[in-house]
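Q: Structure below; questions to follow.
The values are calculated or read from the model by the stated rules, or taken from the named source; none is laboratory data. Quantities reported herein were computed from a predicted structural model and do not represent experimental measurements. For neighbour counting, all protein chains shown are included, and Cβ atoms are generated from backbone atoms with ideal geometry for every residue, glycine included. These accessible areas exclude ligands, DNA and RNA; they are computed on the full protein's heavy atoms, side chains included. Shrake-Rupley method; radii C 1.70, N 1.55, O 1.52, S 1.80 Å.
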Amino acid sequence: MLVEVHLPPPTGRSVVRVVAQLPVAKASVYEIVPGLLVCGDPEDEKDLDALYQVASVVIAVGGDYPRAHKVDVGTGRAYLRMEFEDGEVPEARLRAVAAMAADLIDAGDVVAWVCGAGANRSCLGAALTLRELTGCSGTAALITVKTMRPGALHTPQYVKYLNDLRPVEE
């Protein structure tokens, strides 16, 4: 299912939507589009519980994870950990996970991409997921994510990578 995304016209007021705050990490959870969230790393179970109040699937793509997060069977929650360095683009894996995330959103799940600060790796994953959801170009996904998550995607490699991506072929 392709969803059409319309960027709001600049009006001088913020379009940023923070849907939750992690109590320990003090990280904001930003909504990119309905069903697609980004934020910084949860620091402990309290943060993860707060995140699971607004998301059913967490995709962790960076940061220092001292232990694997346990997801209890029957909760409807999922946790996927895929580590890579800031600035690195593990294209095949990342695009596959983004396609899976788009399928989960289409099925009614809410997916949260998380990384150290919630500004680069998580936003790259969110941009690729948005591209899968909408069929838009990488540039359109980049603009949308940067609009909805202030300070996002400032790594030059990610900006170039996204700007080079054409719209998804049906």
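Q: Could you give each residue of region 45-55 its phi-based ³J(HN,Hα) in whole Hz, using Karplus coefficients 6.51, -1.76, 1.60 with θ = phi - 60°, and x for Gly or Pro?
A: 4, 4, 5, 5, 4, 5, 5, 6, 6, 10, 9
Q: Could you state the accessible area per residue of region 29-170 in Å², with a 1.4 Å probe and every protein chain left in place?
A: Values: 6220 Å² over 142 residues.
Dividing the accessible area of region 29-170 by its residue count gives 44 Å².
Q: Place a +1 charge on the Cβ of each Lys and Arg in region 85-170 and a -1 charge on the Cβ of each Asp and Glu, then give the dipole magnitude about the Cα centre in debye, rounded to the nearest 20.
A: Taking the Cα centre of region 85-170 as origin, the dipole is about 300 debye.
Q: Follow-up question, since we're still on this one. Could you list which residues have their amide H under 5 Å from that of V33, counting only those 5 or more apart in sequence or on another chain, with H placed in the peptide plane?
A: Residues meeting the criterion, in which the H sits 1.01 Å from N, do not exist here.
Q: Here is a follow-up. Please compute the modelled spin-label separation between L80 and Q157, points set 7 Å along Cα→Cβ, answer in nm with one decimal.
A: Reported label-point gap for Q157 and L80 is 2.1 nm.
Q: Continuing with this model, one more query. Can you list the HN-Hα couplings for region 113-129, worked out from phi with the Karplus curve (6.51, -1.76, 1.60; θ = phi - 60°), rounded to whole Hz and with x for Gly and Pro?
A: 3J(HN,Hα) across region 113-129, in whole Hz: 8, 10, 8, x, 9, x, 10, 10, 4, 5, 6, 5, x, 5, 5, 5, 5.
Q: Evaluate the relative contact order of region 91-148 (contact order divided by residue number), counting alpha-carbon pairs under 8 angstrom at least 6 apart; express in whole percent.
A: 32 percent
Q: Once amide H atoms are placed 1.01 Å from N in the peptide plane, what residues at a sequence separation of 5 or more from C136, or on another chain, have their amide H within under 5 Å of its amide H?
A: V168
Q: Can you give me the long-range amide H partners of A78? Hydrogens built in the peptide plane at 1.01 Å from N, cutoff under 5 Å, separation of 5 or more residues or another chain.
A: Here the answer is V57, V58, since their amide H atoms fall under 5 Å of that of A78.
Q: For an R0 of 35 angstrom, estimate the FRET efficiency from the Cβ-Cβ distance between E91 and T147 and round to the nearest 0.05.
A: Approximately 0.90, to the nearest 0.05.
Q: On a full-extension model of 0.36 nm per residue, what is the gain between D49 and D106, subtracting their alpha-carbon distance, rounded to one decimal in nm?
A: Taking D49 through D106 to full extension adds about 18.2 nm, to one decimal.
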